[in-house]
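Some notes on the structure that comes next.
The values are calculated or read from the model by the stated rules, or taken from the named source; none is laboratory data. Worth saying up front: this structure is predicted, and the values here are computed from it rather than measured. Note that each Cβ is placed from the backbone with ideal geometry, even for glycine, and that neighbours are counted across all protein chains shown. Just the protein is used for accessible areas: all its heavy atoms, side chains included, with ligands, DNA and RNA removed. Shrake-Rupley method; radii C 1.70, N 1.55, O 1.52, S 1.80 Å.
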Amino acid sequence: MINKESPIPMYYQIQEHIRENIKQHKWAKGEAIPSERILTEQFGVSRMTVRQAVQGLVDEGILMRKRGSGTYVSNEKVEQPLKEITSFTKLMEQRGMKASSKITVFTVRKPNEIEAENLKISLGFDVYHIERIRLGDQIPIAIETSIVPYYMAEGLTEADVQHSLYEFLEVKKGYSLGDGQQSVEAIAASKRISKLLDVAIDSPILQIERVATLKTGAPFEYVRSQYVGSRFKFYL
Ligand code: GLP
């Protein structure tokens, strides 16, 4: 099954094999894949090679780890995470990590012109302004500043956004979330960002600006996020 004489690295051959199993539905979405020990025996390679192969597919979002329970075939498509809108909480779950948030701002105010334009609302409308530090397994990964039209999320509380904004919108408000349009740029961590994200000043940060829309096409969130470059590589 694995050609040890081939110039193609063994971990890569294993990955191809796993991809094929998933494609042919031999390994179903959401199901656990065989343990490292079994794969090591099956492929006749070292455990390290199996680990490298599996980790690569976890990084690509094809497989996901669940803490203490093993590795699974991912349910969600994460091939184009930049276009998709996946909640932070879900994204962390897919990676077998526990999401949490520190709320730094939670207020209702009037939008500025850019926000009103992006959210397609008039300047007289109210918006929620929510700033959160997002953590995965207690490690700060991003700061997200979400501006959400008040009328769409009326009743939203700090407790809701402590958990998941998107879950509130989907479950409590019954919205079907659509997709997003975004731009990405690299910036250097400012003093404030470095403090909030616990990174050195000037370290690489990915800044993402996005307008997320409902399935109906109505914008529901204008968000600006700063992700720690080194901790978020897997996502992009
Ligand atoms: C992602 C998006 C944000 C969005 C967040 C919601 O991180 N980039 O725009 O606000 O998910 O996550 P949650 O539902 O966990 O609050």
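For the chain, take the convex hull of the Cα atoms, compute a quarter of its surface area, and give me that in nm², please.
Averaged projected area of the chain's Cα convex hull equals 14.9 nm².
Tell me, what ³J(HN,Hα) does each residue in the stretch 116-126 have, in order and in whole Hz, if you take phi through Karplus 6.51 cos²θ - 1.76 cosθ + 1.60 with θ = phi - 60° and put x for Gly and Pro?
Per residue, the Karplus-derived 3J(HN,Hα) values read 4, 5, 5, 8, 6, 10, 7, 5, x, 6, 8 Hz.
Residues with amide H under 5 Å of LYS98's amide H, sequence separation 5 or more or different chain, H placed in the peptide plane at 1.01 Å from N; which?
ASP137
Heads up, I need the accessible area for LEU123: 1.4 angstrom probe, whole protein in place, Å², nearest 10.
Accessible surface of LEU123 is approximately 90 Å².
What three numbers, in Å, describe the spread of the alpha carbons of the stretch 182-236 along their principal axes, ordered from the longest?
42, 23, 15
Using modelled amide H (1.01 Å from N, peptide plane; none on Pro or chain starts), what sits under 5 Å from the amide H of GLY178, excluding residues fewer than 5 places away?
THR213, LEU214, LYS215
Which whole-Hz ³J(HN,Hα) couplings does the stretch 205-221 yield from phi under the Karplus relation 6.51 cos²θ - 1.76 cosθ + 1.60, θ = phi - 60°, glycine and proline marked x?
10, 9, 9, 10, 10, 8, 10, 9, 10, 6, 4, 6, x, 6, x, 10, 8
For each pair in LYS120/LYS191; LYS29/LYS102; LYS23/LYS102; LYS90/LYS195; LYS29/LYS120, compute the distance between the two Cα atoms and list the pairs where it is over 29 Å.
Where the Cα-Cα span goes over 29 Å, the pairs concerned are LYS120/LYS191; LYS29/LYS102; LYS23/LYS102; LYS29/LYS120.
Given Cα pairs under 8 Å that are at least 6 residues apart, what percent is the relative contact order of the chain?
Across the chain, relative contact order equals 15 percent.
Over what distance in Å are the Cα centres of the stretch 166-220 and the stretch 25-65 separated?
31 Å
Tally Lys/Arg at +1 and Asp/Glu at -1 over every other residue whose Cβ is under 14 Å from the Cβ of THR157; what's the total?
That sum, taken over residues with Cβ under 14 Å, equals -1.
Which whole-Hz ³J(HN,Hα) couplings does the stretch 173-184 yield from phi under the Karplus relation 6.51 cos²θ - 1.76 cosθ + 1.60, θ = phi - 60°, glycine and proline marked x?
Karplus values, whole Hz, x for Gly and Pro: 9, x, 7, 9, 7, x, 9, x, 10, 9, 10, 10.
Strictly greater than 13 Å: what percent of every Cα pair in the stretch 10-73 meets that?
Of the Cα pairs, 59 percent sit more than 13 Å apart.
Leaving out ligands and nucleic acids, note down the accessible area per residue over the chain with a 1.4 angstrom probe, in whole Å².
Ligands and nucleic acids excluded, the figure is 54 Å² per residue.
Just to verify a number: FRET efficiency for ASP126 and LYS66, C-beta to C-beta distance, R0 = 30 Å, to 0.05?
So the FRET efficiency works out to roughly 0.15.
Grab the other residues whose beta carbon is less than 10 angstrom from that of VAL184, score K and R as +1, D and E as -1, and report the net.
-1
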